[in-house]
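**Q** The structure's right below; bear with me while I get my questions together.
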Amino acid sequence: MAHSSRVALIAISTLVITACVPATPPEASAPAQVSPVADAPYSAIGTEPFWSLEITDNRITFQPMEGAATVANGFTSRPSLNGWRYTSDSVSVDVTDSPCNDGMSDNVYKDTVTVLVGTTEFRGCGGGALSTGASLANSQWQIVSVNGQDIYNPMGRGPLLVSFGKGEFSAATECNGVRGSYVAGDTWLYAPMVMSTLMACDGRLMAQERAIGAALSGHSVIRSNGEGTLFFGQDDGQIGLMRVGDCPDCNEMAGQAQLPDKPFDGEWDIRFIDSTAVTTERPYRMNFVDGQMSGFAGCNRFFGAFSMNDEALSLGPIGATKMACMGSGGQDEQRAFDILDGPLRYSFVDRYTILIGNAAGGLMLQRVH
């Protein structure tokens with residue numbers, strides 16, 4: 001079974017315009033139906049040319065860079081392929097659940113949006129930014145919400161802060177301190193092992209601390225509200241962070257300066273797949289040497305070329321033997337392949353431990369030789 005490595009690229013939306021924007025039409029009479037995909041108001045933007053869109057409970061407003069806005073006072077809505085469609089007499093909007101880059105910045109948005117005004121098509125992005133494109137390294141953030149609620153801070157010890165160093169982070173929870181090693185991209189953070197001190201506090205503080213730890217551990221999604229707040233976490237814990245400044249000396253890792261010239265070369269056990277420890281009798285292992293990689297992750301032997309730069313690991317097309325496996329071994333292998341099948345970022349915890357990950361998940365590797 002050959003397993004091909006795909007290069008995951010975020011498509012830059014190309015703006016298409018084929019005719020002039022018509023004048024504001026008369027009001028449409030169709031009743032509005034609120035989409036379950038996104039809460040009103042829903043907004044989208046485009047560039048080349050610039051335009052903006054807003055959908056409220058009963059109105060669609062499309063504003064081009066020049067000329068009058070097109071307003072539909074009433075529309076219908078229905079599911080479409082991987083998204084939602086809004087339709088009125090004057091303007092139609094297709095929202096597709098697919099990441100979108102605005103073409104002008106590093107911002108990545110949740111949805112790809114196509115707007116049809118008369119016979120003119122405009123393409124852009126909507127649904128709020130998934131991330132700001134800013135690196136977390138050497139930055140400090142204030143926790144402003146936990147699971148959508150204001151911070152509980154009965155002792156008034158000042159703001160709760162999360163400090164991200166180069167590969168490590170620490171967080172104050174008002175009860176215990178939380179810390180861990182991480183690797184992150186624009187829309188994800190991977191921290192397989194998060195530790196905390198063990199002081200007992202009141203029940204509400206302990207629950208808040210568990211949510212903060214859950215939001216920063218395992219494979220966590222990062223989203224932005226487009227107004228400077230990043231949201232980290234999954235259903236079991238989500239925190240909102242507002243950046244308060246740089247932290248150039250935060251958690252700098254001495255091990256970074258002690259890495260060999262070819263830091264990946266050698267044998268490495270796969271110790272964690274996402275946040276689940278590998279405890280099998282036969283170790284899951286990857287071997288890197290002179291630009292070639294091979295490994296075992298529960299079922300087949302796999303192999304391919306690799307290259308690296310200062311922060312990214314790239315694997316060439318991955319080949320594998322063709323044995324079919326049932327049970328946990330086959331599931332673990334498929335999970336590992338899903339992660340390896342795309343561009344990877346890496347971070348050395350020390351010269352003996354590497355975190356690698358992407359939007360699909362993460363692996364912790366520990367050196368054997």
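The values are calculated or read from the model by the stated rules, or taken from the named source; none is laboratory data. Note that the structure is predicted; figures quoted are calculated from it, not measured. Neighbour counts are summed over all protein chains in view; Cβ atoms, including those assigned to glycine, are modelled from backbone coordinates with ideal geometry. The accessibility values were calculated without ligands, DNA or RNA, using every heavy atom of the protein model including side chains. Shrake-Rupley method; radii C 1.70, N 1.55, O 1.52, S 1.80 Å.
**Q** Calculate one ³J(HN,Hα) per residue across segment 178-191 by plugging θ = phi - 60° into the Karplus curve 6.51 cos²θ - 1.76 cosθ + 1.60, and present them in order as whole Hz with x for glycine and proline.
**A** 10, 8, x, 9, 8, 9, 9, x, 5, 10, 7, 9, 10, 9
**Q** Along segment 137-154, what does the Karplus equation 6.51 cos²θ - 1.76 cosθ + 1.60 (θ = phi - 60°) give for ³J(HN,Hα), rounded to whole Hz, x for Gly and Pro?
**A** Result, rounded to whole Hz: 4, 6, 9, 10, 9, 9, 6, 10, 7, 10, 6, x, 10, 4, 5, 8, 9, x.
**Q** I've got another one for you. Sort Lys166, Lys110, Lys322 from largest to smallest accessible area, using a 1.4 Å probe on the heavy atoms of the protein chains.
**A** Ranked from most to least accessible, the order is Lys322, Lys166, Lys110.
**Q** Sorted by accessible area with a 1.4 angstrom probe, largest first, how do Tyr152, Tyr190 fall?
**A** Output order, biggest surface exposure first: Tyr152, Tyr190.
**Q** Is segment 296-360 rounded, prolate or oblate when judged by the Cα gyration tensor, a ≥ b ≥ c being the square roots of its eigenvalues, rounded requiring a/c under 1.5 and prolate requiring a/b larger than b/c?
**A** It is prolate, given that a/c is not under 1.5 and a/b is the larger ratio.
**Q** In addition: Can you sort Asp97, Asp186 by 1.4 Å-probe accessible area, starting with the largest?
**A** Asp97, Asp186
**Q** Set the Förster distance to 45 Å, then compute FRET efficiency between Glu227 and Gln366 from the Cβ-Cβ distance, nearest 0.05.
**A** E between Glu227 and Gln366, to the nearest 0.05, is 0.65.
**Q** Heads up, I need the accessible area for Glu227: 1.4 angstrom probe, whole protein in place, Å², nearest 10.
**A** Approximately 150 Å² for this residue.
**Q** What figure in square angstrom, to the nearest 10, would you give for the accessible area of Met293 with a 1.4 Å probe?
**A** 10 Å²
**Q** Separate question: For segment 168-232, what does the alpha-carbon gyration tensor say about shape, rounded, prolate or oblate, given a ≥ b ≥ c as the root eigenvalues, a/c under 1.5 as rounded, and a/b over b/c as prolate?
**A** Because a/c hits 1.5 or more and a/b fails to exceed b/c, segment 168-232 counts as oblate.
**Q** So, in nm, how far is label Ser170 from label Asp350 when the simple model puts each one 7 Å beyond its Cα toward the Cβ?
**A** 1.7 nm
**Q** All other residues with a Cβ under 9 Å from the Cβ of Phe296 taken together, and with Lys, Arg as +1 and Asp, Glu as -1, what is their net charge?
**A** +2
**Q** Please work out the FRET efficiency for the pair Gln149 and Thr321, using the Cβ-Cβ distance as r and a Förster radius of 51 Å; give the result to the nearest 0.05.
**A** The formula returns an efficiency of 0.50 here.
**Q** Can I ask one more? Taking 41 Å as R0, compute the FRET efficiency from the Cβ-Cβ separation of Ala68 and Gln234 and round it to 0.05.
**A** That gives a FRET efficiency of 0.40.
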